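Student: Quick one: this structure, given as structure tokens, is what I'll be asking you about.
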């Protein structure tokens, strides 16, 4: 009996020591490392990985076309409300009156016709695109013409929808590409025509209606934001989560139109961003492989190179390298990213998929790292449009050479995706780990075109400024100096909120 008591005592002592050792071991491992360990344990369990990444904080989405962010189902509802018609063969919206004998029906009829409804959803998005008879590239870009009319007068509703989805994906910030003037600037450029001397071209545009078109665009943003806030019930006790998402706008230049109109829109983007802090920069959009964007690419970079010094505080992100071998002749792959960086003053590059096809590609990667030029990586978009995925994607090359990168969605409505799915593709297809995903979320806010100084004195190693170095993200109270710094710098404030979210998220594992 005495032996049994002794054995029991030894067993209890061993259990206590083991428990203490485990607790000490757990406390010795950082929350980030515990979270990394958990994610690694579920890499092969996609449902669990999906749940994990859905809850993960994600910072900001810096590459987002507003009209492409809305789901087809929403667009069908707007088309029905506007009494628009849909061509039954092409599934493109047209203005009334509708005439079924002529091949178009009321869009509202789709709400009671499951076959028409599903055909419209498929035609207006990448759902089931493989059965369309088109390439992913062509099907994707054709969607915008088909549903375009539905978005008229719904900019505010679009803002509300994408903000709400961002909040549910645990994002804090969005930069939305948006041509807010509804074509007025392009009309001014068309009227003025092309003038070879850039200085005279700018002066002529400014003297012939461009400032008025810019002001109209800013008023449209006012109207859209009021509608967004009404939709989300912001400022009330019933405010939706989307109200907490900070939205800013990148003026969207249509680079596939005549050069005089492109010049006018680039100038308008610079002017608009100079007048209103909500407009944080501009970008050139439309398919890079189309004739005009390819033919005029260097011209567009020269226009930017001339105008940017006149507006030194305005930010620039440029679509460049959204190309793949076979989509254009080989020489078309050799210079776009470099020109965007060296002549187009790009602080960020959108896509950058063909970087390894560029002349002296390794030197270009080193230059981008040295200049701190960030790449907006759109994995789903690059997959379905260009067919570039997995090991063929240059993300690993960018990481290897220290080029800053962040994930973004591009056109999540058309692509039928969201930011959580982009993170999932990064893990499953690109073999990224948790620490890398966390760095990308932080990088998104570090390279956002938002006012104020950063929380980080080192934006690569993520070392905090001395003012907030000793403060804890999970703490209820901050030091007075840190609190003052955050109040004075919107960027740092958003970054601090992201750190708070990471602290809470990592405490679960």
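The values are calculated or read from the model by the stated rules, or taken from the named source; none is laboratory data. Everything quoted here is computed from the prediction, not taken from an experiment. Using ideal geometry, Cβ is built from the backbone for each residue, glycine included, and neighbour counts are taken over all protein chains shown.
Student: Among the residues of region 166-175 satisfying the criterion of being within 17 Å of residue 71 (Cα to Cα) and surrounded by fewer than 23 Cβ atoms within 10 Å (Cβ to Cβ), which is nearest to the chain's Cα centre (by Cα)?
Tutor: For region 166-175, the residue satisfying everything is 167.
Student: Given the criterion in the same structural domain as residue 343 (by TED's automatic domain parsing), without any contact (Cβ under 8 Å) to a residue 60 or more places away in the chain and not in a helix (DSSP H, G or I), identify the matching residue among 273, 216, 239.
Tutor: It is 239.
Student: Mind checking whether some residue in region 413-422 is touching a helix residue (DSSP H, G or I) at 6+ places or on another chain (Cβ under 6 Å), closer than 23 Å to residue 43 by Cα, at pLDDT 95 or above and assigned to a helix (DSSP H, G or I)?
Tutor: yes
Student: From the residues in region 75-91 that are in contact with a strand residue (DSSP E or B) (Cβ under 7 Å, 6 or more places away or on another chain) and buried (at least 18 other Cβ atoms within 10 Å of the Cβ), which one is nearest to residue 139 (Cα to Cα)?
Tutor: Ranking the candidates gives 86 first.
Student: Among what's in region 394-412 and is closer than 22 Å to residue 49 by Cα and out of contact with any strand residue (DSSP E or B) (no Cβ under 7 Å at 6 or more places or on another chain), pick the residue that is surrounded by the most Cβ atoms within 10 Å (Cβ to Cβ).
Tutor: Selected residue: 412.
Student: In this structure, is residue 471 assigned to a loop (DSSP other than H, G, I, E, B) and surrounded by 16 or more Cβ atoms within 10 Å (Cβ to Cβ)? So that I can check it myself, show each step before the final result.
Tutor: Details: assigned to a loop (DSSP other than H, G, I, E, B): yes; surrounded by 16 or more Cβ atoms within 10 Å (Cβ to Cβ): yes.
So residue 471 passes the test.
Student: Here is a list: 228, 248. Which entry is in the same structural domain as residue 407 (by TED's automatic domain parsing), within 23 Å of residue 149 (Cβ to Cβ) and surrounded by 15 or more Cβ atoms within 10 Å (Cβ to Cβ)? Don't jump to the end; show me each part of the working.
Tutor: On the way: 248 fails: within 23 Å of residue 149 (Cβ to Cβ).
The conditions single out 228.
Student: Follow-up question, since we're still on this one. How many residues are assigned to a helix (DSSP H, G or I) and either surrounded by 14 or more Cβ atoms within 10 Å (Cβ to Cβ) or touching a helix residue (DSSP H, G or I) at 6+ places or on another chain (Cβ under 6 Å) (or both) if we restrict to region 192-213?
Tutor: So the count comes out to 10.
Student: Can I ask one more? Would you mind telling me which numbered condition in (1) touching a helix residue (DSSP H, G or I) at 6+ places or on another chain (Cβ under 9 Å); (2) at pLDDT 95 or above; (3) exposed (fewer than 12 other Cβ atoms within 10 Å of the Cβ) residue 26 fails?
Tutor: Of everything listed in (1) touching a helix residue (DSSP H, G or I) at 6+ places or on another chain (Cβ under 9 Å); (2) at pLDDT 95 or above; (3) exposed (fewer than 12 other Cβ atoms within 10 Å of the Cβ), residue 26 misses just condition (2).
Student: Another question, then. Just give me the residues in region 437-468 being part of a helix (DSSP H, G or I) and more than 30 Å from residue 50 (Cβ to Cβ), in sequence order.
Tutor: The answer is 466, 467, 468.
Student: Condition first: part of a loop (DSSP other than H, G, I, E, B) and either more than 25 Å from the chain's Cα centre (by Cα) or over 22 Å from residue 273 (Cβ atoms) (or both). Now tell me which residues in region 283-310 satisfy that. So that I can check it myself, show each step before the final result.
Tutor: As a first pass, look at region 283-310 and keep what is part of a loop (DSSP other than H, G, I, E, B): 286-290, 296.
Scanning region 283-310 gives 287, 288, 289, 290, 296.
Student: Just to verify a result, which residue in region 112-152, among those that are without any contact (Cβ under 8 Å) to a residue 60 or more places away in the chain and in a loop (DSSP other than H, G, I, E, B), is farthest from the chain's Cα centre (by Cα)?
Tutor: Result: 113.
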